[in-house]
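S.K.: Got a structure for you, written out below as structure tokens; questions coming shortly.
The values are calculated or read from the model by the stated rules, or taken from the named source; none is laboratory data. These numbers were taken from a predicted model, which means no experiment stands behind them. Here Cβ is always computed from backbone atoms with ideal geometry, including for glycine, and neighbour counts include all displayed protein chains. Each accessible area value is taken on the protein alone, full model and side chains, heavy atoms only, with ligands, DNA and RNA left out. Shrake-Rupley method; radii C 1.70, N 1.55, O 1.52, S 1.80 Å.
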Amino acid sequence: GIYNGVMTGLTPATDYSYRLVVKSLKTGEEVTIDSVSELTTDAAPAVPNGSLEEHNTSGDYPVFYASGTDMWWDSGNKGSKMGGKIICTIDSSDKKDGNVSAKLQSVNAVIKFAAGNLFSGQFGEVKGTAGGTVYFGRPFVGRPSKLRFWIKYSTGLVDRTENKKITQNDYDIGQVKVALGTWDPEIYKGTDNSPVFI
């Protein structure tokens, strides 16, 4: 027959030996169906620069990669610098592991309200005061079953609003979004390194 089973609790990048043993429901006898087989579990790569230890604060706006290295993380907040605000930066005072974390805050920047953001991909360009363009995503090889991260969020009352869904005296909302998929840059208008253009 055809047998299916799920093995859990395995260690990444490890060789295992296994064989199929079936227990008869009628007699309770265990029958070895297969000889010993071998498998190697997939590696479990970490998200590049997941602790943001590689960063550079020497330029006009903090970047979340070291000089001379490839960018994985970017922020759409560089335009806030025009209003004298840095709303996405490196913070060494509050972190879970390593030496730093990212500090994102929402403020009135220039003439618009701007929410601090950090994403895998690359910021495109500022479109006046209407927003900007973003290339989301980065190549990643692996089949993760979970993503673990640390976040600390402090809410506050909205004191300025530009839409009718959120009014003054509502509490603001923090969001974390994670998507793992296969996106064709030709379909989603992005690049090979950041396939989804918004």
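S.K.: Considering only region 78-95, how many residues are hydroxyl-bearing (Ser, Thr, Tyr) and assigned to a helix (DSSP H, G or I)?
M.R.: Qualifying residue count for the region: 1.
S.K.: What's the number of the condition GLY98 fails, among (1) part of a loop (DSSP other than H, G, I, E, B); (2) among the small types (Gly, Ala, Ser); (3) closer than 27 Å to GLY190 by Cα?
M.R.: (3)
S.K.: If a residue must be without any contact (Cβ under 8 Å) to a residue 12 or more places away in the chain, of a type outside the set (Gly, Ala, Ser) and closer than 25 Å to PRO144 by Cα, how many such residues does region 8-57 contain?
M.R.: 1
S.K.: Would you confirm whether any residue within region 174-191 is of a type in the set (Lys, Arg), in contact (Cβ under 8 Å) with a residue 24 or more places away in the chain and in a loop (DSSP other than H, G, I, E, B)?
M.R.: There is no residue in region 174-191 that is of a type in the set (Lys, Arg), in contact (Cβ under 8 Å) with a residue 24 or more places away in the chain and in a loop (DSSP other than H, G, I, E, B).
S.K.: For residues that are in contact (Cβ under 8 Å) with a residue 12 or more places away in the chain and more than 21 Å from the chain's Cα centre (by Cα), scanning just region 148-160, find the one that is surrounded by the most Cβ atoms within 10 Å (Cβ to Cβ).
M.R.: Across region 148-160, the extreme among qualifying residues is VAL158.
Yes or no, residue by residue, for (1) among the aromatic types (Phe, Trp, Tyr); (2) open to solvent by 90 Å² or more (accessible area, probe 1.4 Å); (3) at pLDDT 85 or above; (4) in contact with a Ser or Thr (Cβ under 9 Å, 6 or more places away or on another chain):
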{"residue": "GLY1", "(1), (2), (3), (4)": "no, yes, no, no"}
{"residue": "ASN4", "(1), (2), (3), (4)": "no, yes, no, no"}
{"residue": "ARG19", "(1), (2), (3), (4)": "no, yes, yes, yes"}
{"residue": "LEU25", "(1), (2), (3), (4)": "no, yes, yes, no"}
{"residue": "GLY28", "(1), (2), (3), (4)": "no, no, yes, no"}
{"residue": "THR32", "(1), (2), (3), (4)": "no, no, yes, no"}
{"residue": "GLU38", "(1), (2), (3), (4)": "no, yes, yes, yes"}
{"residue": "VAL47", "(1), (2), (3), (4)": "no, no, yes, yes"}
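S.K.: Still on this structure, please answer the following. Here are some conditions: (1) in contact with a Phe, Trp or Tyr (Cβ under 8 Å, 6 or more places away or on another chain); (2) on the phi < 0 side of the Ramachandran plot; (3) open to solvent by 100 Å² or more (accessible area, probe 1.4 Å). LYS189 meets all but one. Which one does it not meet?
M.R.: Going through the list (1) in contact with a Phe, Trp or Tyr (Cβ under 8 Å, 6 or more places away or on another chain); (2) on the phi < 0 side of the Ramachandran plot; (3) open to solvent by 100 Å² or more (accessible area, probe 1.4 Å), LYS189 breaks only (2).
S.K.: Here is a further query. Being touching a Leu at 6+ places or on another chain (Cβ under 9 Å) and hydrophobic (A, V, I, L, M, F, W, C) is the filter here; which residues of region 40-70 pass it?
M.R.: VAL47, LEU52, PHE64 - these are the residues of region 40-70 that are touching a Leu at 6+ places or on another chain (Cβ under 9 Å) and hydrophobic (A, V, I, L, M, F, W, C).
S.K.: A follow-up question, please. Mind checking which residues of region 89-100 are on the phi < 0 side of the Ramachandran plot and either open to solvent by 40 Å² or more (accessible area, probe 1.4 Å) or free of Cβ contacts under 8 Å to residues at least 12 places away in the same chain (or both)?
M.R.: If the condition is that a residue be on the phi < 0 side of the Ramachandran plot and either open to solvent by 40 Å² or more (accessible area, probe 1.4 Å) or free of Cβ contacts under 8 Å to residues at least 12 places away in the same chain (or both), then SER92, SER93, ASP94, LYS95, LYS96, ASP97, ASN99 are the ones that fit.
S.K.: Between residues in region 127-145 that are within 26 Å of LYS78 (Cα to Cα) and residues that are of a type in the set (Phe, Trp, Tyr) and not in a strand (DSSP E or B), which pairs lie under 8 Å by C-beta distance while being six or more apart or on different chains?
M.R.: GLY137/TRP183; ARG138/TRP72
S.K.: Moving on to the next point. Could you tell me whether any residue of region 41-63 is among the β-branched types (Val, Ile, Thr), within 20 Å of the chain's Cα centre (by Cα) and within 27 Å of PRO185 (Cβ to Cβ)?
M.R.: So far as region 41-63 goes, yes, one or more of its residues are among the β-branched types (Val, Ile, Thr), within 20 Å of the chain's Cα centre (by Cα) and within 27 Å of PRO185 (Cβ to Cβ).
S.K.: Let me ask something additional. State yes or no: is ILE86 over 15 Å from the mean Cα position of the chain (by Cα) and open to solvent by less than 70 Å² (accessible area, probe 1.4 Å)?
M.R.: Yes.
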